[in-house]
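For reference, the structure discussed in these notes is given below.
The values are calculated or read from the model by the stated rules, or taken from the named source; none is laboratory data. Just so it is clear, the structure is predicted and the values come from calculations on it, not from any experiment. Quick reminder, even Gly has a Cβ in these numbers, built from the backbone with ideal geometry, and neighbours come from all protein chains shown.
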């Protein structure tokens, strides 16, 4: 960890050392630019969003961190399994439409995020942990951030540009009044880690399990297996539906798990290994993804829903796009942040949004569970979206996801 100084300076200041911040820092350091990261917590620290998508492997490779991720021996992930009562479906990412990696990992984010942050630091990025950001100011030289460290000592940092990778903290959206409400209903996620004790042959640890509540298809569960015999488990639904399941979040999560017959079959004997936590109203948006001297990465810009594990893929893509534009700007070239960053990033965000909306409307659930197990281009295109390839505009479902999903569902 870098020593504390009251006045700091770097070409680029980054808020948050999570995946988007660490990746952006790595890209910028590879090009020789100085970087200071301000992270409000210490690492390792717990986070959800543990199921990666194959598309993100491209960005880990580009940042030079993939060998370190491979060496960590996280749980291999080859696809996803879906369960709704007696209906079930499995998809393999290897059957996707788009070229690119077909495998990824299920990761404990405490360990995974530290690997990414340590990698950025090994490339020369300065990371200042337990540093909050309370002020953003633009000046003739660029920008200045102000804040405090863990001891309450104030600091100021000057740079040419700021990337907000602060995740749910959404520092610049709050400071610059950029926030706007999401179009999605207020949903609640309750989650924990468990010792799963699963030995049932029907369960494939190389696939995330998405289960739909038997009596209410707007409620769904995730089960993300790790390589050490534990799993991440969570339930998502509208807040009042989740709260109706018990008096406390632990009671609600326990009761909802026990309501599902498939869980009773595959893991009758599980135990929590950490306190049950929750997030409410996590979906969010912003008025703009960039300004004169800043850009928003990952969840700091927009977060949709955890159902297709899109969050970290969007974070990685946003870091890649922003770094590419910023490198040109720092080199004195004219850039267009709307055309080169916001618009292309929004292609994938909007594609994921249509899949999320279709999921809660029931259309995508029907397509996944009832579509024949074949090798048609339609099936491959859907699998590509579920593998995170939401920027492949040769895939018809990227630009008109709901339209084509509705057509497919009508023919089932």
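Can you tell me which residue in region 158-177 is nearest to the chain's Cα centre (by Cα), limited to those that are surrounded by fewer than 24 Cβ atoms within 10 Å (Cβ to Cβ) and part of a loop (DSSP other than H, G, I, E, B)? Filtering region 158-177 for residues that are surrounded by fewer than 24 Cβ atoms within 10 Å (Cβ to Cβ) and part of a loop (DSSP other than H, G, I, E, B), the one nearest to the chain's Cα centre (by Cα) comes out as 170. Within region 32-53, the set of residues being crowded, with 22+ Cβ neighbours inside 10 Å and closer than 27 Å to residue 307 by Cβ comprises 49, 50, 51, 52, 53. Within region 225-248, the set of residues being in contact with a strand residue (DSSP E or B) (Cβ under 6 Å, 6 or more places away or on another chain) and either in a strand (DSSP E or B) or at pLDDT 95 or above (or both) comprises 225, 226, 227, 230, 231, 232, 233, 234, 235, 236, 238, 242.
Among the residues of region 326-337, what is the count of those that are in contact with a strand residue (DSSP E or B) (Cβ under 8 Å, 6 or more places away or on another chain), surrounded by 17 or more Cβ atoms within 10 Å (Cβ to Cβ) and closer than 17 Å to residue 29 by Cβ? The total comes to 2.
Within region 275-301, the residues that satisfy the criterion of being surrounded by fewer than 24 Cβ atoms within 10 Å (Cβ to Cβ) and assigned to a loop (DSSP other than H, G, I, E, B) are 275, 276, 281, 282, 283, 287, 288, 291, 292, 293.
Are any of the residues in region 205-224 modelled with pLDDT of 95 or more, crowded, with 16+ Cβ neighbours inside 10 Å and out of contact with any strand residue (DSSP E or B) (no Cβ under 7 Å at 6 or more places or on another chain)? Looking for residues that are modelled with pLDDT of 95 or more, crowded, with 16+ Cβ neighbours inside 10 Å and out of contact with any strand residue (DSSP E or B) (no Cβ under 7 Å at 6 or more places or on another chain), one finds none in region 205-224, hence no.
At least 2 residues being more than 30 Å from residue 174 (Cβ to Cβ) and in contact (Cβ under 8 Å) with a residue 40 or more places away in the chain is the threshold, and among the strands (runs of 3 or more DSSP E) wholly inside region 59-157 those reaching it are 75-77, 79-84, 87-92, 104-106.
Please work out if residue 56 is surrounded by fewer than 17 Cβ atoms within 10 Å (Cβ to Cβ), touching a residue at least 12 places away in the same chain (Cβ under 8 Å) and not assigned by TED's automatic domain parsing to the domain that holds residue 276. Against the criterion (surrounded by fewer than 17 Cβ atoms within 10 Å (Cβ to Cβ), touching a residue at least 12 places away in the same chain (Cβ under 8 Å) and not assigned by TED's automatic domain parsing to the domain that holds residue 276), residue 56 does not qualify.
In region 381-399, the residue that is nearest to residue 238 (Cα to Cα) out of those that are surrounded by fewer than 18 Cβ atoms within 10 Å (Cβ to Cβ) and modelled with pLDDT of 95 or more is 396.
A quick yes/no check of all residues on (1) in contact with a helix residue (DSSP H, G or I) (Cβ under 7 Å, 6 or more places away or on another chain); (2) surrounded by 18 or more Cβ atoms within 10 Å (Cβ to Cβ):
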residue: 341; (1), (2): yes, yes
residue: 351; (1), (2): yes, yes
residue: 354; (1), (2): yes, yes
residue: 360; (1), (2): no, yes
residue: 401; (1), (2): yes, yes
residue: 410; (1), (2): no, no
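Set side by side, the residues 143, 171 differ, and just one is touching a strand residue (DSSP E or B) at 6+ places or on another chain (Cβ under 7 Å), outside the structural domain of residue 260 (by TED's automatic domain parsing) and modelled with pLDDT of 95 or more, which is 143.
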